[in-house]
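One structure below.
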Amino acid sequence: MKDELAKRLVQGLKDAGINFVTYLPETRLSQIVPLIRDDPEMELIAAASEQEAVTIAVGATLGGKQAAVYMENTGIYVSSYSLLVTGKQLGVPILLVVGYLGGVPDQRSSFLYATIGKHTIPVLAGLGIEYMLLNDGDGLEGKIQDAVRAANAQRAPYALLFGGEFSV
């Protein structure tokens, strides 16, 4: 991902009210980590697993933060129990910022991730989590705001899947 796109993504998160981000590093969107870490208005917490990252984000949300979880799409599988129980059943809105590995729009897709990418959207649907696929920066900031607004209105997690030029 180009640096300018990473800056816009982080600014879009801030403009949408996100002030707390948990994460497990991945390769597609990694340029956002130092930008968030160095921003005094945002808090960045590393986690040992995506399930832990979701649980920490839920706790932060319940404590008054507007939280996001940054992960690759394999993390949806790992965190599905926490997403279902804390996000859907208890009604806690969090934004999922997801590198969409192996999906059709993944510019670096390989056989290692093809199966994961193929099943990401059906897994989200099975969990009842709405999503938006982003392939380019057109209207990025507005789409992030729409996703956060939807998560809050529905009191549920909402996933942004980043592919296309975000995966370069």
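The values are calculated or read from the model by the stated rules, or taken from the named source; none is laboratory data. The model shown is predicted, which means the values in this text are computed figures rather than measured ones. Backbone-built Cβ (ideal geometry, glycine too); neighbour counts: all protein chains shown. In case anyone asks, the SASA skips ligands and DNA or RNA and just uses the protein heavy atoms, side chains included. Shrake-Rupley method; radii C 1.70, N 1.55, O 1.52, S 1.80 Å.
Computed values, structure above
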| quantity | calculated |
| --- | --- |
| Amide H contacts of Gly164 (H built 1.01 Å from N, under 5 Å, at least 5 apart or other chain) | Asp106, Gln107 |
| Amide hydrogen neighbours beyond the local backbone of Gly128, cut-off 5 Å, H modeled | none |
| Accessible surface of the chain, 1.4 Å probe, proportion on carbon and sulfur as whole % | 54 |
| Whole-number percent relative contact order across segment 24-104, with pairs defined as alpha carbons under 8 Å at least 6 apart | 34 |
| Karplus-derived 3J(HN,Hα), 6.51/-1.76/1.60, for each residue of segment 35-44, Hz, glycine and proline x | 5, 5, 4, 8, 8, x, 8, 10, 10, 10 |
| Förster radius 35 Å - calculated FRET efficiency between Lys88 and Glu165, Cβ distance, rounded to 0.05 | 0.70 |
| Relative contact order for the chain, counting Cα pairs under 8 Å that sit 6 or more residues apart, in percent | 27 |
| Per residue value of the accessible surface for the chain (all protein chains in place, 1.4 Å probe), Å² | 44 |
| Global geometry of segment 19-103, whether rounded, prolate or oblate, following the gyration tensor of its Cα atoms and the 1.5 cut on a/c | oblate |
| Amide H within-cut-off set for Glu72, under 5 Å, with H built and near neighbours excluded | Gly99 |
| Burial ranking of peptide ranges 79-90, 121-132 (average Cβ count within 10 Å, highest at the top) | 79-90, 121-132 |
| Listed candidates (i) 23.1, 74; (ii) 14.2, 41; (iii) 14.8, 52 - label of the one calculated as Rg and Dmax of the Cα atoms in Å | (ii) |
